[in-house]
Amino acid sequence: MMRIKCIIAYDGTGFAGYQVQPNKRTVQRELETALTKLHKGSEVKVVASGRTDAGVHAVGQVIHFDSPLQLPEERWPAALNSILPNDVVVEEAAYVAEDFHARYHAIGKEYRYRLIRTKKSNPFLRHYAYQYSFPIDVERMREAIPYLLGEHDFTSFCSARSEVEDRVRNIYGIYIEEHDDELLFRFVGNGFLYNMIRILMGTLLEVGKGEREPHEIEKILAKKNRIFAGKTAPGHGLYLWQVYYDENFANDK
């Protein structure tokens, strides 16, 4: 039995999220169905670096599974992609140590959020970027970012439905890039809570609209209560971009 690590990408539009849910289409179910077919009916379970919500996309999600098949590692992507639906793709595969764990060994992640400033909706972007019609002040949002950096209890920026008890996370960087009408938000940290990026986005947008002052972020963190943060931004603008396992990652950031 060998352990295989894969980097996968998926279009989250047609999924109820990554994690298996009863009577719903999920990324995990598609992966495990494909692996079961490849293993002639033997069930294969997949472990991911973390789950993503309905509509959320991934460019660099990481999974692992165990298999008795003796395929060369470079053949795994083609073998799985021939079975998977076309909205899930295995980009890379490699054999790893038997104790490797896609979730527990991850030491950092980068998420990206796409926002298009427009008053006229583009039907070709409706599933892949948040089309935002309100005026926003990018500099005001940048002023709010330093209050979020470093290690904090992010309970205020976590879904009230989260069952995670330890809500302390370390954000290494939040960057806003401007590309014509598009704003690209990059969030890099050691991990993120359920809905955390989307709530951070919603709160930053309220700062950008002038509904909150940048320094209010500090007070929101201190409250440790979801009701004090902004609205949850839509999931379809969010991408799990990369998962990091290199021990030097935190120091580099």
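The values are calculated or read from the model by the stated rules, or taken from the named source; none is laboratory data. All figures in this text were calculated on a predicted structure; none of them were measured in a lab. No Cβ is skipped: glycine too gets one built from the backbone with ideal geometry, and neighbour counts run over all protein chains shown. SASA here: full protein model, heavy atoms, side chains in, ligands and nucleic acids out. Shrake-Rupley method; radii C 1.70, N 1.55, O 1.52, S 1.80 Å.
General observations
- Hits in the stretch 98-131 (condition: assigned to a loop (DSSP other than H, G, I, E, B), more than 19 Å from Tyr194 (Cβ to Cβ) and open to solvent by 60 Å² or more (accessible area, probe 1.4 Å)): Glu98, Asp99, His105, Lys119, Lys120, Ser121, Pro123, Phe124, Arg126, His127, Tyr128
- Whichever residue in the stretch 77-97 is touching a residue at least 12 places away in the same chain (Cβ under 8 Å) and not in a strand (DSSP E or B) and, among such residues, is farthest from Leu38 (Cα to Cα): Ala97
- Any hit, the stretch 170-189, residues being modelled with pLDDT under 95 and under 21 Å from Tyr245 (Cα atoms): no
- Among the numbered conditions (1) more than 18 Å from Gly235 (Cβ to Cβ); (2) of a type outside the set (A, V, I, L, M); (3) in a loop (DSSP other than H, G, I, E, B), the only one that His64 does not meet is (3).
- Taking each residue of the stretch 114-139 that is among the acidic types (Asp, Glu) and looking for partners that are open to solvent by 40 Å² or more (accessible area, probe 1.4 Å) with beta-carbon atoms closer than 9 Å, six or more apart or interchain, yields Asp137/Lys209; Asp137/Gly210.
- Tally of residues being part of a loop (DSSP other than H, G, I, E, B) and open to solvent by 60 Å² or more (accessible area, probe 1.4 Å) across the stretch 134-148: 3
- Matching option when the condition is among the hydrophobic types (A, V, I, L, M, F, W, C) and closer than 25 Å to Glu32 by Cα, among Ala129, Ala106: Ala106
- The single residue among Leu183, Leu205 that is among the hydrophobic types (A, V, I, L, M, F, W, C), under 30 Å from Glu92 (Cβ atoms) and either surrounded by fewer than 18 Cβ atoms within 10 Å (Cβ to Cβ) or in contact with a helix residue (DSSP H, G or I) (Cβ under 8 Å, 6 or more places away or on another chain) (or both) turns out to be Leu183.
- Filter result for Pro68 (more than 13 Å from the chain's Cα centre (by Cα), without any contact (Cβ under 8 Å) to a residue 12 or more places away in the chain and more than 30 Å from Leu125 (Cβ to Cβ)): no
- Residues that are over 24 Å from Arg198 (Cβ atoms) and among the hydroxyl-bearing types (Ser, Thr, Tyr), drawn from the stretch 13-58: Thr33, Thr36, Ser42
- Residues that are part of a helix (DSSP H, G or I) and open to solvent by 30 Å² or more (accessible area, probe 1.4 Å), drawn from the stretch 29-54: Arg29, Glu30, Thr33, Thr36, Lys37, Leu38
- The residues listed here are Ile176, Ile217, Ile227, Ile199; of these, the one that is closer than 24 Å to Thr52 by Cα, β-branched (Val, Ile, Thr) and open to solvent by less than 10 Å² (accessible area, probe 1.4 Å) is Ile199.
- For first residues located in the stretch 20-42 and free of Cβ contacts under 8 Å to residues at least 60 places away in the same chain, partners that are of a type in the set (Asp, Glu) and surrounded by 14 or more Cβ atoms within 10 Å (Cβ to Cβ) and lie 6+ apart or on another chain with Cβ distances below 8 Å form the pairs Val20/Glu32.
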